[in-house]
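Notes to accompany the following structure.
Since every read-out is calculated from the coordinates, none of them should be taken as a lab result. Note that the structure is predicted; figures quoted are calculated from it, not measured. Here the Cβ positions follow ideal geometry from the backbone for every residue, glycine too, while neighbour counts run over all protein chains shown.
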Amino acid sequence: MSDLYTRFIANLVFPLQERVKKHDTVRVRRQMEESQWWSAERIAALQLERLKAFLTDIGANVPYYRELFASTGFDPRAVKSTADLQALPFLTKAVIKDNTDALRADDAKGLARFNTGGSSGVPLIFFIGTERVTHDVAAKWRATRWWDVDIGDPEVVVWGSPIELGTQDRMRLIRDKLMRTELLPAFEMSDERVEAFIARIRDMRPKMVFGYPSAISHIAGYAEKKGLRLDDLGVKVVFVTSERLYDHQREVISRVFACPVANGYGGRDAGFIAHACPSGSMHITAEDIVVEIIDGAGNVLPHGQSGEIVVTHLATRDYPFVRYRTGDVGVLSDHACPCGRGLPVLSEIQGRSTDFVIAADGTVMHGLALIYVLRDIPGVASFKIVQETTLLTTVFVEPGKLFKAEDVTRIEDGLKRRLGDAVTIDVKLVDVVPAEASGKFRYVISRVAA
């Protein structure tokens, strides 16, 4: 049950802020909170209705799609199912880069310029309109409330994006204080900084924590190692997003904070795609998002098979994202969730395509196969594996107190067993394993993944 101040923020202050921004967030969230309990068939019918209207709109008002529909003979009014999307080409980062202006609707106003962090390549520059922001905020708000917390509850955000951290001006600080949100920068994780974070978390006693799983699990692990308690603060849930959530991260976060860990999946480019409910399912925001899973040849795969996640966002008419290739790998499920929501389920999010590595003999394997080699060595405090080519893999290792000289050989031998004897394993001992420029952390990066 939220306290009086939280209800004041969630029911008055935040809706007022959204109205000032000309965002219809409250109405959209209320609609979503109703539609989430509809049957899967009724939600699918709503999605199809919105898809047809969306495609008709962009076919008339967006130069890129106006030309594309005309040249291919695609008639959005004839769309009978989401499978009809397969008649359209994929939207890729390269296509967006080549058609930055043509993807803007003729009547688009107040578009905000965004970019991805470029953790897996060149940053992507694109634009977001008011409708997209409204719907993404509403979807995130709905998912937050699944866990009996709300906007206005004390919240610690462990984040590293320069977009957020660069906007810490006076008004932002005042707003965060009013909303009882505190931002802890995840760029630097020295012992002194982490101890300061833990002290601040203890002082603030947040109801929820939000951020990168790597950063929050690092804080939790440090607190456990030092005997600093975080299980007596009343934290109800830790929301993690923006990176793959590994089982060992979930375990340490849940144990140290004494609460469940709720995974969220999405991105600046693709939008708010899915979020975990208390029953453990990752529910897709199907009112706004159509998800397809494709194989390497671009063919759509049935439920239960693993492939690249492709997203069509139905609230992006000002700057459309249609069949956008995310570069992430996942699996759709056709099983209903015991929570009773009719929203479809993304049963697995296996990471980015660049989290997979290719052995010298061409075998594709998940980066976890390499991660386990490093995690089984007690002397390794932190690490990052970068597959440069099929014949060269660099391993950055931060040695711990138990690190031994022969551990270098253990790493080399362990990775060679998986990648091939002909592969050079270059182990570099470093003081600190670097995060990405965005502040995110990735255990495995492959520059040659298919």
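Just to compare against my own numbers: the Cα pair-distance distribution for region 38-136, 5 Å bins, whole % per bin, please.
Values per bin, smallest distances first: 2, 11, 17, 21, 20, 15, 10, 3, 0.
Using Cα springs under 10 Å in a Gaussian network model of the chain, which residue among 98, 150, 106 shows the largest mean-square fluctuation?
98
Please work out which option in (1) 0.94; (2) 1.05; (3) 0.97 gives Rg/Rh (Cα atoms, Kirkwood Rh) calculated from these coordinates, and answer with its label.
Label (3) holds the value from this structure.
Give the value in nm², to one decimal: projected area of the alpha carbon convex hull of region 291-423, averaged over all directions. The partial results should precede the final answer.
Working: hull surface 47.0 nm².
That works out to 11.7 nm², a quarter of the Cα hull's surface.
For every helix of n ≥ 4 consecutive DSSP H residues, a contribution of -39,500 (n - 2.57) applies; sum these over the chain, divide by its total residues, and give [θ] at 222 nm rounded to the nearest 500 deg cm²/dmol. List each step's numbers first, then the result.
Values: 14 runs with 152 residues, N = 450.
Rounded to the nearest 500, the figure is -10000 deg cm²/dmol.
How high is the relative contact order of region 1-124, in percent, with contacts defined as C-alpha pairs under 8 Å that are six or more residues apart? Could you put the intermediate results ahead of the total?
Details: 54 pairs, mean separation 23.4, N = 124.
Computed value for region 1-124: 19 percent relative contact order.
Among the listed pairs 21/207; 404/428; 22/207, which have their C-alpha atoms separated by more than 18 angstrom in this model? Intermediate results must be reported in sequence, preceding the final value.
Values: 21/207 27 Å; 404/428 14 Å; 22/207 29 Å.
Too far apart for the 18 Å limit: 21/207; 22/207.
I'd like to verify something in the chain: which complete DSSP H helices, judged by Cα projection on the helix axis, reach 30 Å or more and average at least -1.0 on the Kyte-Doolittle scale?
Working: long enough: 40-61 (31 Å, 0.20).
Once both thresholds are applied, what remains is 40-61.
For the chain, calculate the relative contact order in percent as a whole number, restricting contacts to Cα pairs under 8 Å that are 6 or more residues apart.
Working: 819 pairs, mean separation 64.5, N = 450.
It comes to 14 percent, rounded to a whole number.
If you put +1 on each Lys and Arg Cβ and -1 on each Asp and Glu Cβ, how big is the dipole of the chain around its Cα centre, in Debye rounded to 20? Write out the running numbers ahead of the final one.
Working: 57 positive and 59 negative charges, 198 e Å.
The calculation lands at about 960 debye.
Once the cut-off is 16 Å, how many percent of the Cα-Cα pairs in region 380-432 end up in the long-distance tail?
Numbers: 493 of 1378 pairs.
Percentage above 16 Å: 36.
Express in % the proportion of alpha carbon pairs of region 28-75 at distances exceeding 11 Å. All intermediate terms of the calculation are to be shown ahead of the outcome.
Details: 800 of 1128 pairs.
Summing the P(r) tail past 11 Å for region 28-75 gives 71 percent.
Counting DSSP beta bridges with both partners in region 295-450, what percentage is antiparallel, nearest 5? Write out the running numbers ahead of the final one.
On the way: 22 of 31 bridges.
Antiparallel bridges: around 70 percent, rounded to the nearest 5.
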